[in-house]
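Trainee: Pasting a structure below so you can have a look.
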Amino acid sequence: MPMTKTQKILARHAGLDAVEPGQLIQARLDLVMGNDITSPVAIREMEKAGLDTVFDPERIVFVLDHFTPCKDIQSARLCSQVRRFAGKHGIPHLFDVGEMGIEHVLLTEKGFIAPGEAVIGADSHTCTYGALGAFSTGVGSTDMAAGMATGRAWFRVPPAIAVRLTGQLRPFVSGKDVILHLIGRLGVDGARYRSLEFFGAGALTMDDRFTVANMAIECGAKNGVFPVDGLTLEYLKGRVRREFVVDEPDGDAEYERTVAIDLDALEPTVSRPFSPDNTALARELSGLAVQQVVIGSCTNGRIGDLRAAAAILKGRRVAKGVRCIVIPGSQAVYLEALREGLMEIFIDSGCAVSTPTCGPCLGGHTGVMDEGERCVATTNRNFVGRMGHPKSEVYLASPAVAAASAVAGEITAPKEGNNL
């Protein structure tokens, strides 16, 4: 029977010739990932179930990134629990302060993810890895515990939606604008438990693809997956040294629907509070004052994102009364930004630069807001109280829009010629 890309990956990992939407399968896992919030819960579930071994220490990755560097005693206790568990079971892949990054930036750059693999992570934005042609999805801590113990997970095979991209992105339009546009069209549950399969991605950089796949969950998708092309293989070179399988959907694979996006027509886009699907064009929100800007996160903390922000900020100053916080997604991104002089641009413009951390994205630390404050952020969620006080507001945007808004002191769409 004809299969989509996701169905082929799942069939192979279930040891089956074919699978169909709705079928319940048990699949072999290539990798299990958890962070400092979700891993302790999974560890407790394993202990409660009397499971005292892991399926393969090399295929488990812990990244201490959400509340680190530890902001309080409770966060320190959670991290200690993960460190002890990793030591007990001989798990070598524990990324701690000084060598860690935001998990979904770190795992791809370190070569933990390859095309055709099946990956679960106890974090909803694990779908990021679909940018490399893998099946990856977020799970709860109980499923993480079962995955660590058995190397397997149960899945209901998702039906698929085809997203066909045509044209080229205009200046100051990026992958963030693509995915915000798509979420605005589908709604936050428009792809619920579906696989988003992207076609015609040649106009998108790898950083763009990571951003798009990262936010597939924000329209309810089980996963988002891109084709493996020359750009993907170039990214993987020197990172992934093991054999992998490149899956292509069958020409007659069935999709529930097709969504066409003309990249030529896209403009800088913003998601207004309090939902990622509450979208508008950035120019339509011109004049809306902001008190904080956050540039970073697992969605937009890669080097291409920092370059886009620096191109706007160079030679300019952050507006009086605005706090602009820049958070590189990993130590490698931080170093590259230093080498390229981006850090000097950020500091000269009046930004605060943080060590890699999730920090303000989930209202954890390094940028929590007070009542009545408004933030433009390159993060992925803008629910009530997401970044602090329930009466604060988060507007989701690209690094270019965020940087332009920091300079203007209000939501601003950068214009061609870099004129604000």
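Trainee: Just a yes or no: is a residue in the range 378-390 small (Gly, Ala, Ser), crowded, with 17+ Cβ neighbours inside 10 Å and not in a strand (DSSP E or B)?
Mentor: Taking every residue of the range 378-390 in turn, none turns out to be small (Gly, Ala, Ser), crowded, with 17+ Cβ neighbours inside 10 Å and not in a strand (DSSP E or B).
Trainee: I'd like to check something: does the range 9-31 contain any residue that is open to solvent by 10 Å² or more (accessible area, probe 1.4 Å), closer than 28 Å to residue 359 by Cβ, modelled with pLDDT of 95 or more and not in a helix (DSSP H, G or I)?
Mentor: No, the conditions are met nowhere in the range 9-31.
Trainee: Write out, first by first residue and then by second, each pair whose Cβ atoms fall under 7 Å of each other, whose residues are 6+ apart or on separate chains, and whose first residue, in the range 327-350, is more than 16 Å from residue 406 (Cα to Cα) and in contact (Cβ under 8 Å) with a residue 40 or more places away in the chain while the second is surrounded by 21 or more Cβ atoms within 10 Å (Cβ to Cβ) and β-branched (Val, Ile, Thr).
Mentor: Close Cβ pairs satisfying both conditions: 329/102; 329/105; 330/102; 330/105; 333/105; 333/303.
Trainee: Also, quick follow-up: Is it the case that residue 160 is modelled with pLDDT under 95 and open to solvent by less than 10 Å² (accessible area, probe 1.4 Å)?
Mentor: no
Trainee: Any idea how many residues of the range 195-216 are in contact with a helix residue (DSSP H, G or I) (Cβ under 9 Å, 6 or more places away or on another chain), over 23 Å from residue 308 (Cβ atoms) and not polar (S, T, N, Q)?
Mentor: 2
Trainee: Looking at (1) under 11 Å from residue 292 (Cα atoms); (2) surrounded by fewer than 22 Cβ atoms within 10 Å (Cβ to Cβ); (3) in contact with a strand residue (DSSP E or B) (Cβ under 6 Å, 6 or more places away or on another chain), which is the only condition residue 363 fails?
Mentor: (1)
Trainee: Only one residue in 167, 121 is crowded, with 20+ Cβ neighbours inside 10 Å and at pLDDT 95 or above. Which one?
Mentor: On inspection, the qualifying residue turns out to be 121.
Trainee: With respect to residue 230, is the statement that it is open to solvent by 30 Å² or more (accessible area, probe 1.4 Å) and without any contact (Cβ under 8 Å) to a residue 40 or more places away in the chain true?
Mentor: yes
Trainee: Then there's this: What residue, of 111, 167, 147, is more than 26 Å from residue 55 (Cα to Cα), in contact with a helix residue (DSSP H, G or I) (Cβ under 9 Å, 6 or more places away or on another chain) and of a type in the set (Gly, Ala, Ser)?
Mentor: 167
Trainee: Let me ask something else about it. Listed residues 265, 310, 289; which is of a type outside the set (Lys, Arg) and within 19 Å of residue 179 (Cα to Cα)?
Mentor: 265
Trainee: Here is a follow-up. Filter the range 63-107 down to residues that are basic (Lys, Arg), at pLDDT below 95 and over 13 Å from residue 359 (Cβ atoms), then give me how many there are.
Mentor: 0
Trainee: Mind checking which residues of the range 48-84 are of a type in the set (Phe, Trp, Tyr) and either assigned to a loop (DSSP other than H, G, I, E, B) or surrounded by fewer than 22 Cβ atoms within 10 Å (Cβ to Cβ) (or both)?
Mentor: Within the range 48-84, 55, 67 meet the criteria.
Trainee: Out of the residues in the range 178-200 that are surrounded by fewer than 23 Cβ atoms within 10 Å (Cβ to Cβ) and among the aliphatic types (A, V, I, L, M), which is nearest to residue 105 (Cα to Cα)?
Mentor: For the range 178-200, the residue satisfying everything is 188.
Trainee: Which ones in the range 246-274 are exposed (fewer than 13 other Cβ atoms within 10 Å of the Cβ) and not charged (D, E, K, R)?
Mentor: 251, 258, 260, 265
Trainee: Something else now. Which one is surrounded by the fewest Cβ atoms within 10 Å (Cβ to Cβ), of the residues in the range 85-118 that are charged (D, E, K, R) and part of a helix (DSSP H, G or I)?
Mentor: Only one residue tops the list, namely 88.
Trainee: Identify, please: which residue in the range 334-377 is among the small types (Gly, Ala, Ser) and in a strand (DSSP E or B) and is, among those, farthest from the chain's Cα centre (by Cα)?
Mentor: So, considering only residues that are among the small types (Gly, Ala, Ser) and in a strand (DSSP E or B), the one farthest from the chain's Cα centre (by Cα) is 352.
Trainee: Has the range 335-352 got any residue that is closer than 27 Å to residue 280 by Cβ, out of contact with any strand residue (DSSP E or B) (no Cβ under 6 Å at 6 or more places or on another chain) and open to solvent by less than 50 Å² (accessible area, probe 1.4 Å)?
Mentor: The answer is yes; a qualifying residue exists.
The values are calculated or read from the model by the stated rules, or taken from the named source; none is laboratory data. Worth saying up front: this structure is predicted, and the values here are computed from it rather than measured. Backbone-built Cβ (ideal geometry, glycine too); neighbour counts: all protein chains shown. Accessible surface areas use protein heavy atoms only, side chains included; no ligands, DNA or RNA. Shrake-Rupley method; radii C 1.70, N 1.55, O 1.52, S 1.80 Å.
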